[in-house]
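Report on one structure; see the data block that follows.
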Amino acid sequence: MRGALLVNLGSPDSTETKDVKKYLKEFLMDERVIDEPLWLRTILVKGIILNFRPKKSAKAYKKIWWDEGSPLIVLSYRLLEKVKKMTSVPISLAMRYGNPSIHSGIKELVDKGVTEILLIPLYPQHAMASTETILVLAEKIKNEFFPQVEFTNLPAFYNHKDYVRVLSNSIQSYLKNKEWDHLLFSYHGIPERHIRKTDITKSHCKIDGSCCQTKSPAHQFCYRHHCYETTKQVADYLELKEGTYSSSFQSRLAGQPWLKPYTDKVVENFAQTGTKKMAIVTPAFVSDCLETLEEIGMEAKEDFIEKGGEKFHVVPCLNDDKEWVKTLSRWIDEWANIK
């Protein structure tokens with residue numbers, strides 16, 4: 001029997017500092033998130049970051065937490081339930097960090113008699129710290145606890161025509177009757193060295209003005225290329241005029257080069273140079289979370305207004321959008337029936 005496992009980022013169990021610390025420890029100790037040697041990663045995470053970050057992050061989570069719980073978890077379950085209603089294939093949900101775990105998601109399917117699982121990392125673009133870490137951990141768990149199970153991985157869908165259409169239509173629908181001068185596509189940031197590490201050619205990715213536009217096998221796993229291609233295809237679909245849209249990267253840790261331009265600097269610059277009405281979309285996520293709701297929806301908006309802007313429209317993630325549910329369900333059915 002075939003089944004599908006939806007896997008999202010994850011969230012602390014609550015906004016209590018101890019739960020946030022537990023979540024951050026699991027997240028930041030992942031060798032594909034902070035890809036330093038174990039000894040150095042341990043010093044950075046356990047010796048430095050976990051001494052101050054949990055309390056600060058807990059305050060941020062409290063600002064966006066819903067009565068039902070973590071927005072990302074709640075929205076992921078809403079997506080799960082709607083997809084279940086549109087396909088006869090058994091579906092379960094897991095998080096890379098926190099609960100429900102990947103182990104529990106696989107076990108739920110296995111207990112229903114599933115022997116072939118379509119792994120669906122809920123990230124449109126491939127990155128070492130998102131898609132790859134999900135696939136690696138899932139494979140490890142499978143080999144240890146469920147050796148009889150066979151995996152198929154859903155490839156990055158950043159350029160899939162169905163995804164581009166759904167994302168474009170959601171942007172268009174939200175911005176209908178709203179005034180905006182510039183649309184910013186803000187993607188989750190990653191260290192530049194992650195781009196080079198995932199370069200299968202070991203030579204193409206220069207992180208300059210041309211490598212992402214020059215055809216190469218490296219693009220198969222290049223997060224930066226995937227982000228810029230998402231922007232390009234959505235802009236083409238919506239027939240956006242050149243100069244009315246751009247891309248940037250949000251969230252970063254100090255001490256090393258991360259993908260540029262930085263979203264906070266871009267937003268500030270637009271406000272200071274006279275742009276009064278901005279719209280921003282976050283296509284690296286399919287579910288709203290701390291980064292989209294607090295970092296963009298609150299902090300970036302506040303900065304824009306303080307620096308002279310007037311309107312700042314934050315386009316919601318796809319979440320449990322009806323067309324997104326249909327698309328995801330169709331991909332699952334096509335895999336289950338055609339494979």
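The values are calculated or read from the model by the stated rules, or taken from the named source; none is laboratory data. Just so it is clear, the structure is predicted and the values come from calculations on it, not from any experiment. Glycine also receives a Cβ, built like all others from the backbone with ideal geometry; neighbour counts cover every protein chain displayed.
Within the range 43-68, the residues that satisfy the criterion of being within 18 Å of L253 (Cα to Cα), of a type in the set (A, V, I, L, M, F, W, C) and free of Cβ contacts under 8 Å to residues at least 60 places away in the same chain are I43, L44, V45, I48, I49, L50, F52, A58.
Just checking, how many residues over the range 93-109 are without any contact (Cβ under 8 Å) to a residue 40 or more places away in the chain, of a type outside the set (G, A, S) and closer than 22 Å to E16 by Cβ? So that I can check it myself, show each step before the final result.
Keep residues of the range 93-109 that are without any contact (Cβ under 8 Å) to a residue 40 or more places away in the chain, which gives 100-101, 104, 107-108.
Among the residues that remain, those that are also of a type outside the set (G, A, S) are: 100, 107-108.
Okay, now just the ones that are also closer than 22 Å to E16 by Cβ, so 100.
Summing the residues that are without any contact (Cβ under 8 Å) to a residue 40 or more places away in the chain, of a type outside the set (G, A, S) and closer than 22 Å to E16 by Cβ in the range 93-109 gives 1.
Look through F285, F270, F249 and report the one residue that is of a type outside the set (S, T, Y), in a strand (DSSP E or B) and within 15 Å of S186 (Cβ to Cβ).
Details: F285 fails: in a strand (DSSP E or B); F270 fails: in a strand (DSSP E or B).
After applying the criteria, what remains is F249.
Whether any residue in the range 218-231 is touching a Cys at 6+ places or on another chain (Cβ under 7 Å), without any contact (Cβ under 8 Å) to a residue 24 or more places away in the chain, surrounded by 19 or more Cβ atoms within 10 Å (Cβ to Cβ) and not in a loop (DSSP other than H, G, I, E, B) is what I want to check. So far as the range 218-231 goes, yes, one or more of its residues are touching a Cys at 6+ places or on another chain (Cβ under 7 Å), without any contact (Cβ under 8 Å) to a residue 24 or more places away in the chain, surrounded by 19 or more Cβ atoms within 10 Å (Cβ to Cβ) and not in a loop (DSSP other than H, G, I, E, B). Each residue in the range 252-267 was checked for being within 23 Å of K59 (Cα to Cα) and either in contact with a Lys or Arg (Cβ under 6 Å, 6 or more places away or on another chain) or part of a loop (DSSP other than H, G, I, E, B) (or both), and 3 pass.
Checked across the range 69-92, the condition of being touching a residue at least 12 places away in the same chain (Cβ under 8 Å), within 25 Å of G255 (Cβ to Cβ) and in contact with a helix residue (DSSP H, G or I) (Cβ under 7 Å, 6 or more places away or on another chain) holds for no residue.
Could you tell me which of the residues E242, E150, E139 is without any contact (Cβ under 8 Å) to a residue 24 or more places away in the chain, outside the structural domain of D264 (by TED's automatic domain parsing) and either loosely packed, with under 15 Cβ neighbours inside 10 Å or under 27 Å from L118 (Cβ atoms) (or both)?
On the way: E242 fails: outside the structural domain of D264 (by TED's automatic domain parsing); E150 fails: without any contact (Cβ under 8 Å) to a residue 24 or more places away in the chain.
So the residue among E242, E150, E139 that is without any contact (Cβ under 8 Å) to a residue 24 or more places away in the chain, outside the structural domain of D264 (by TED's automatic domain parsing) and either loosely packed, with under 15 Cβ neighbours inside 10 Å or under 27 Å from L118 (Cβ atoms) (or both) is E139.
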